[in-house]
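The values are calculated or read from the model by the stated rules, or taken from the named source; none is laboratory data. For clarity, every value in this text was computed on a predicted model and none was experimentally measured. Quick reminder, even Gly has a Cβ in these numbers, built from the backbone with ideal geometry, and neighbours come from all protein chains shown. Heads up: the accessible areas ignore ligands, DNA and RNA and are worked out on the full protein's heavy atoms, side chains in. Shrake-Rupley method; radii C 1.70, N 1.55, O 1.52, S 1.80 Å.
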Amino acid sequence: MIFSLECSAEGAASVTFNKGLRIYQNNLLMTAARALSLAYPVIERMLGDDAMVALAREMLRRTPPSTGAWGEWGDNLSALISSTPLINEHPYLADVARLEWLMHRASRSASPMLQVGSLSRLSEETLESVYLRLSASVGLLNSAFPVDVLWDAHQSNGEPFCLDERALASALRKQSGESFLMVYQQNQVAHMKRIPVEEYRWLVDVECGLSLSELFDRHSDFDFIHWLSDAAQSGVLDSLD
Amino acid sequence: MSRLNHTSSGNEQHLGKVGVGLRHPHFREALEETPRIDFVEVHAENFFSQGGLSQAMLAEVRDRYEISLHSTSMGLGSAQGVNSVYLEKLASLIGQIEPVLVSDHACFAWSQLGEHNVHAGDLLPLEFSRRSLHVLADNVDRVQQQIGRRILVENLSSYVDFGNSDMRETEFLTALVERSQCGLLVDLNNLLVNANNFGRSDPLALAKNWLDAIPAAAVGEFHLAGYTPVAKDELIIDDHSREVSSSCWELYGYALDRFGAVTTLVEWDNDLPEWQTLLAEAEKARAMMGQIFLTQAEQVREA
């Protein structure tokens, strides 16, 4: 009855019971909406409070919480948005939601710590059984839209939010079209950066579990040494297995 | 039912401590000033992440304050038991911060919806019956075995009465303590909320009667809080959005008199005040605790 948000009881004692039941139903809905707002602050700024409540209501119906921690709930908001009319008017919204979930997940991941000793595996004669392991916080996103620009434009930095439409238009002129993004945690905070398509494809293959030997075959022009240095310093690389 | 060997449950060592609920907006101030409180309480589920800023902040808080770990999602009265993954996370967090107290509520939360395991996301009330006592005591015992220490179980504020209870709440909780060797976290504000919502006469008198029926040795902590007033015939919601109410302070004085200098926490979860305002509430609790015991000491001397 709690999850059936419009449900009520019948019978003589139902008036008092339904009054109490509505409190639980409303608490659940408001808590769920707040959980979504915390995980998706940019979506909230784009759509407003009422839309977040409506999305929370539908999300509760489709995928009720199951872990006891609200911070772990809401991973499929992107799919939900894609199934609503919102996506027709704002086709980038689902990808913004995907980016926000990756940021949320990265912010909660174990703090990355490079297993320095594992780098010695690079000296092995054959790299067919050497694999790169990325940190748990790393997430990749390819979007047809410049979702990083949209995301940046909707940061409040602790101040009351006000969208600077002129700055957004200017940024979109510079970085329009498809975007390749990497999300990761550094110094306990989630970061997002636009990466070249070559690096994106490299990382996708790393995540797919290709060995270093296979990676080198498939990405013969990729600057591995430069990438390795950056990945080791930024916490993107966890280890070589 | 197996029994724990509570060599040092912690409560006896921390009688008379006063703390406040620590929420994220107050973290920075709490870390910047010299502690004027004995401990802070945090909600366990807010720190289930494996890393990141919240974990780093918690470690800083732990360096400065003793922590009471208050769970809100264990669902101790759930017929299908407490979720194992949840319990592992809780046990890990306990190992990490070594809290002075661990607590949750006499409620249920885990259930089955169609084919899915679900968590209600709220503290749902239990019927006070032998059947639900059995479930609750078994779950409390399992939790205590897994984390290796005693927990405190809090009386709930509820908004519905299922009408199936065949025990009084005080009987139910007393039996729980006997069966599981847990302690009780007596939330004085919850008593007043329930007495206002479902009582037929003087809420304060009802709450005092409730306290009279609880064995003193069972009580390990008090919670104090306030709530938003509502119109006549509306149900009060336990929203922890105000200063401790005057009736809650009066009930606290009564409880101190009856139970002694029990560890006390001031809760304020919504419409958070300035940090200093929250600390002032804790100071008031400490002053009342001190006054009660000065009076009692004088009475002992005169006798």
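Between B:231, B:285, B:175, the residue with the greatest mean-square fluctuation in the GNM of chain B (Cα pairs under 10 Å linked by springs) is B:231. Solvent-accessible area of residue A:16, all protein chains in place: 80 Å² (probe radius 1.4 Å, heavy atoms, ligands and nucleic acids excluded).
Once the other residues with Cβ under 10 Å from the Cβ of residue A:136 are scored (Lys, Arg +1; Asp, Glu -1), what is the net sum?
On the way: positive: A:105, A:108, A:133; negative: A:238.
Every neighbour counted, the sum reads +2.
Do the sum for the protein assembly as shown: with -39,500 (n - 2.57) for every DSSP H run of n ≥ 4, divided by all residues, what is the mean residue ellipticity at 222 nm, to the nearest 500 deg cm²/dmol?
Numbers: 20 runs with 245 residues, N = 544.
Calculated from helices alone, the mean residue ellipticity at 222 nm is -14000 deg cm²/dmol.
Neighbours of residue B:155, meaning other residues whose beta-carbon lies under 10 angstrom from its beta-carbon, give a summed charge of -3 when Lys and Arg score +1 and Asp and Glu score -1.
Interface of B with A. Using a 1.4 Å probe and counting protein heavy atoms only, the two chains hide about 2300 Å² of accessible surface, both sides summed.
Using R0 = 25 Å, the C-beta based FRET efficiency linking residue B:146 and residue B:178 works out to 0.75. In this rough spin-label picture, where each label sits 7 Å from Cα along the Cβ direction, the residue B:63-residue B:98 distance is 1.6 nm. Under a Gaussian network description of chain B, with springs only between Cα atoms under 10 Å, the residue in B:83, B:139, B:189 that fluctuates furthest is B:83.
Surface analysis of the protein assembly as shown yields an accessible area of 46 Å² per residue, using protein heavy atoms and a 1.4 Å probe.
Using a Förster radius of 22 Å, what is the FRET efficiency between residue B:272 and residue A:45 based on their Cβ-Cβ separation? Nearest 0.05, please. That gives a FRET efficiency of 0.50.
Quick check: residue separation of residue B:213 and residue B:88 times 0.36 nm, minus the Cα distance between them. What number comes out in nm?
Details: separation 125, 0.36 × 125 = 45.00 nm, distance 3.49 nm.
That pair, residue B:213 and residue B:88, stretches by 41.5 nm at full extension.
Accessible surface ranking for B:182, A:208, 1.4 angstrom probe, highest first: A:208, B:182. Our note on the geometry: Cα centres of the range B:181-260 and the range A:89-144, 50 Å apart.
Karplus-derived 3J(HN,Hα) values for the range B:149-166, using 6.51 cos²θ - 1.76 cosθ + 1.60 with θ = phi - 60°, are 7, 6, 10, 9, 10, 9, 5, 9, 8, 9, 10, 9, 10, 5, x, 9, 6, 10 Hz; glycine and proline are entered as x. Taken along the Cα-to-beta-carbon direction at a fixed 7 Å, the label points for residue B:79 and residue B:171 span 2.2 nm. Each label point was placed 7 Å from the Cα along the Cα-to-Cβ direction; for residue B:297 and residue A:14 their separation is 6.1 nm.
Note on the range A:1-90: Cα-Cα pairs beyond 22 Å make up 32% of the total pair count.
Bridgeable lysines around residue A:19 (alpha carbons under 18 Å apart, same-chain partners fewer than 8 residues away excluded): B:232. The orientation-averaged projection of the convex hull spanning the C-alpha atoms of the range B:151-222 amounts to 4.8 square nanometres.
Two decimals is fine: what's Rg over Rh for the range A:91-241, C-alpha atoms, Kirkwood radius as Rh?
Working: Rg = 17.1 Å, Rh = 16.7 Å.
Rg/Rh: 1.02.
Over all directions, the average projected area of the alpha-carbon convex hull for the range A:148-190 comes to how many nm²? Intermediate values should be presented prior to the final figure.
Values: hull surface 15.5 nm².
The orientation-averaged projected area of the Cα hull of the range A:148-190 comes to 3.9 nm².
Remark: the range B:12-302 projects, on average over all directions, an area of 16.3 nm² (convex hull of Cα atoms). Taking all Cα-Cα distances within the range B:83-148, those exceeding 19 Å account for 41%.
For residue A:79 and residue A:214, FRET efficiency with R0 = 25 Å and r from the beta-carbon atoms, rounded to 0.05?
For R0 = 25 Å, the calculated efficiency reads 0.20.
Global size of the protein assembly as shown: 26.5, 93 Å for Rg and Dmax (C-alpha atoms, Rg to one decimal, Dmax whole).
State the percentage of accessible surface on the range A:1-90 attributable to carbon and sulfur atoms; use a 1.4 Å probe and exclude ligands, DNA and RNA. Mind dumping the intermediate values first?
Values: 2270 of 4360 Å².
Carbon plus sulfur share of accessible area: 52 percent.
For residue B:284, the lysines whose Cα falls under 28 Å of its own Cα, not counting residues fewer than eight places away in the same chain, are B:17, B:208.
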